[in-house]
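The values are calculated or read from the model by the stated rules, or taken from the named source; none is laboratory data. Quantities reported herein were computed from a predicted structural model and do not represent experimental measurements. We place every Cβ from the backbone using ideal geometry, glycine too, and count neighbours over all the protein chains shown.
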Amino acid sequence: MANRPVPRTLTRAQYARRQRVVDAAMALGLDGGYEAVQMRDVAARADVAMGTVYRYFTSKDHLLAAALVHWVEQLDARLAQLPAQGDTAAERVIDALDRALRSMGRQPQLVGAVFTALASPDPAAIECQQQVSVLMEGIITRAIGDPHPPDLSDRARILGHVWYSALVGWVNGWSNMGRVHDELVVAIGLLLPSDIHTGALSAGGTSALG
């Protein structure tokens, strides 16, 4: 079946159909993981034609990667309603990322499915990976708050990379959520030392990454 690009601007009805497809894929992944998500089953569960699925998603990996984008967008919205808590930047970032970990820990099959898809060479899945990276950088940046180091974006992006790589270990079975949390705490401690709130860092100052 020929793949067709998704329109840049969706009507409300088109968006609703696309979201039904994403929801169907997430439901199948939640129950059975990556292998359980078959495009024909997704179409049946979403009550749309196969052509509709391929109208919005070029492949199964694109669909599952888009599901992770949707999940992170939901996390972002929840954090906007109930911001990360803590007296320091490090505490707030840990709180925000721990919320993500708790949610993921409750649905390991789905997380395994979307992370498998995110590693796909499919250009559309790679674009979703970039979207996830941008979303996580935004979540971490807002959790850091003010005052912040001049290289805030770099630190937030690196923390997002640590979050992703630590979760890959959990998905692949050689790590656990406790270890993921501990690795994040170490990275946050290195990248968000307490002196970012003492004025020791300024626009022309020296980074405390070391």
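Which of the residues spanning segment 81-100 are of a type in the set (D, E, K, R) and part of a helix (DSSP H, G or I)?
Glu91, Arg92, Asp95, Asp98, Arg99
Determine which single condition Ala119 fails, assuming it passes every other condition in (1) surrounded by fewer than 17 Cβ atoms within 10 Å (Cβ to Cβ); (2) under 15 Å from Met26 (Cα atoms); (3) not charged (D, E, K, R).
For Ala119, the exception is condition (2).
Quick one: which residue in Asp98, Asp151 is over 26 Å from Ala25 (Cα atoms) and of a type outside the set (A, V, I, L, M)?
Only one candidate passes the filter, namely Asp151.
Out of the residues in segment 132-151 meeting the condition of being among the acidic types (Asp, Glu) and either touching a strand residue (DSSP E or B) at 6+ places or on another chain (Cβ under 7 Å) or assigned to a loop (DSSP other than H, G, I, E, B) (or both), tell me which one is modelled with the lowest pLDDT. Break it down stepwise before answering.
So in segment 132-151, the residues among the acidic types (Asp, Glu) come out as 137, 146, 151.
With either touching a strand residue (DSSP E or B) at 6+ places or on another chain (Cβ under 7 Å) or assigned to a loop (DSSP other than H, G, I, E, B) (or both) added as a condition, the list becomes 146, 151.
Working: Asp146: 85, Asp151: 91.
The residue in question is Asp146.
Out of everything in segment 152-179 that is touching a residue at least 40 places away in the same chain (Cβ under 8 Å) and of a type in the set (A, V, I, L, M), what residue ends up being surrounded by the most Cβ atoms within 10 Å (Cβ to Cβ)?
Ranking the candidates gives Leu159 first.
Name every residue in segment 101-116 that is small (Gly, Ala, Ser) and assigned to a loop (DSSP other than H, G, I, E, B), in order of residue number.
none
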